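Read the structure below first, then the notes.
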Amino acid sequence: MRRSLGLRCAWVAILVAMLVACEPETFPTSHDSTPTITPRTFDAKVVIFVIDGPRYQDSFGDPLHAHVGDIWSQLRPFGTLCSNFRNQGWTLTIPGHSTMLTGVWQYLPNDGSQRPPNPTLFEYYRKATGAPATEAVLVGGKPKLAACAYSVDPAYGAAFGASVDVTATTDFATYDRLINRLDADHPHLVMASFSQVDQKAHSGNWSAYLRQMEIVDSLAVLTWNHLQADPEYAGQTYMFITADHGRHDDAHGGFQDHGDTCDGCTHVIFLALGPDIRADYDVTNLYTQRDVCTTVGLLLRVPTPQTNGFMMSEIFVPTSTGINH
Ligand SMILES: [Zn+2]
Ligand SMILES: [Zn+2]
């Protein structure tokens with residue numbers, strides 16, 4: 001009797017193990033259990049709009065939103081804010097951008113001399129779809145950003161990298177190049193990085209820093225409106241407005257520089273816009289830059305096997321056709 005009970009227990013254990021092994025593939029999420037993707041009725045595209053180095057308290061965290069007034073009045077009502085979005089790695093430009101693209105904290109030198117060891121979203125997208133380089137675009141205003149176009153992973157690399165245009169000397173020029181790329185090739189995956197907020201801040205000129213933020217604020221709205229005026233993008237494009245890092249809070253050196261683990265450096269803006277993004281919603285749970293890779297991969301329906309990030313499930317309408325919760 002004891003023996004047969006033991007045998008039965010062994011069989012139950014084997015069955016449970018088999019059931020666990022046969023569970024459908026799910027994506028990791030920090031805040032709910034089993035999100036899965038179902039077929040979309042549209043051809044999703046993603047634009048990651050990066051403002052280089054705005055301090056949270058001077059931008060989204062300012063109660064008056066004085067220097068991000070256009071985003072606040074024209075985009076924020078239609079999107080989801082993640083008000084506790086963080087860079088928990090190195091709060092520098094290359095580490096911040098490459099972490100968003102790879103879903104792995106990237107402790108890379110900030111001079112662009114090393115490429116990430118893990119594949120970028122550009123590589124994941126192009127390898128999975130066979131899309132040409134014109135479909136995955138990196139536009140920006142710092143030449144060193146070219147290091148983020150592809151990784152040194154031997155299974156991926158240059159053959160699957162982004163089409164790179166990172167030599168714009170002003171944010172206006174970055175915007176101009178971005179729009180030209182959107183119009184010419186209609187890429188599915190774009191990271192556009194606006195560098196001058198960071199550059200004005202490093203110069204120590206407080207009013208120039210704030211004025212530049214107001215300029216990029218306008219460019220973000222213009223970008224979204226441009227997407228919505230193009231039938232290939234309208235209603236099927238996600239735009240994430242975010243940053244690579246913040247800047248020191250006043251207890252840790254103030255707005256001029258960044259790079260440590262103070263609240264000012266780690267607290268990063270994040271606003272999601274798109275067809276099944278919750279409108280006028282604020283997610284207060286912690287999300288990090290690693291989650292960008294996981295979430296964008298899911299939206300573009302390409303696997304991102306090396307990411308350590310989580311799916312940002314809470315930014316989506318719970319009953320949306322794209323994401324089941
Ligand atoms: Zn930066
Ligand atoms: Zn700091």
Consider only pairs whose beta carbons are under 9 Å apart and that are at least six residues apart or on different chains; among these, list those whose first residue lies in segment 240-263 and is farther than 30 Å from residue 316 by Cα and whose second residue is within 16 Å of ligand 1 (Cβ to nearest atom) and in a strand (DSSP E or B).
-> 249/267
Within segment 203-224, track down each residue that is farther than 18 Å from residue 66 by Cα and in contact (Cβ under 8 Å) with a residue 60 or more places away in the chain.
-> 223, 224
Only one of (1) within 16 Å of ligand 1 (Cβ to nearest atom); (2) more than 15 Å from residue 81 (Cβ to Cβ); (3) in contact with a Lys or Arg (Cβ under 8 Å, 6 or more places away or on another chain) does not apply to residue 249, and that is (1)
Looking for whichever is away from ligand 1 (no atom under 16 Å from the Cβ) and either closer than 25 Å to residue 92 by Cβ or in contact with a Leu (Cβ under 7 Å, 6 or more places away or on another chain) (or both) here; the options are 244, 282. Which one fits?
-> 282
Answer from 274, 254, 259 - the residue that is touching a Leu at 6+ places or on another chain (Cβ under 7 Å) and either at pLDDT 95 or above or farther than 28 Å from residue 183 by Cβ (or both) | 259
Consider residue 299 carefully, then state whether it is farther than 22 Å from residue 54 by Cα, assigned to a helix (DSSP H, G or I) and away from ligand 2 (no atom under 16 Å from the Cβ).
-> yes
Among 154, 187, 231, the single one that is within 30 Å of residue 43 (Cβ to Cβ), out of contact with any helix residue (DSSP H, G or I) (no Cβ under 8 Å at 6 or more places or on another chain) and not in a helix (DSSP H, G or I) is 231
Go over the candidates 112, 61 one by one and state the one that is touching a Lys or Arg at 6+ places or on another chain (Cβ under 6 Å), at pLDDT 50 or above and part of a loop (DSSP other than H, G, I, E, B).
-> 112
From the residues in segment 119-142 that are polar (S, T, N, Q) and over 14 Å from the mean Cα position of the chain (by Cα), which one is farthest from residue 161 (Cα to Cα)?
-> 129
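The values are calculated or read from the model by the stated rules, or taken from the named source; none is laboratory data. Small disclaimer: the values here were computed from a predicted structure and weren't measured. All Cβ positions, even for glycine, are placed from backbone atoms using ideal geometry, and neighbour counts span all protein chains on display.
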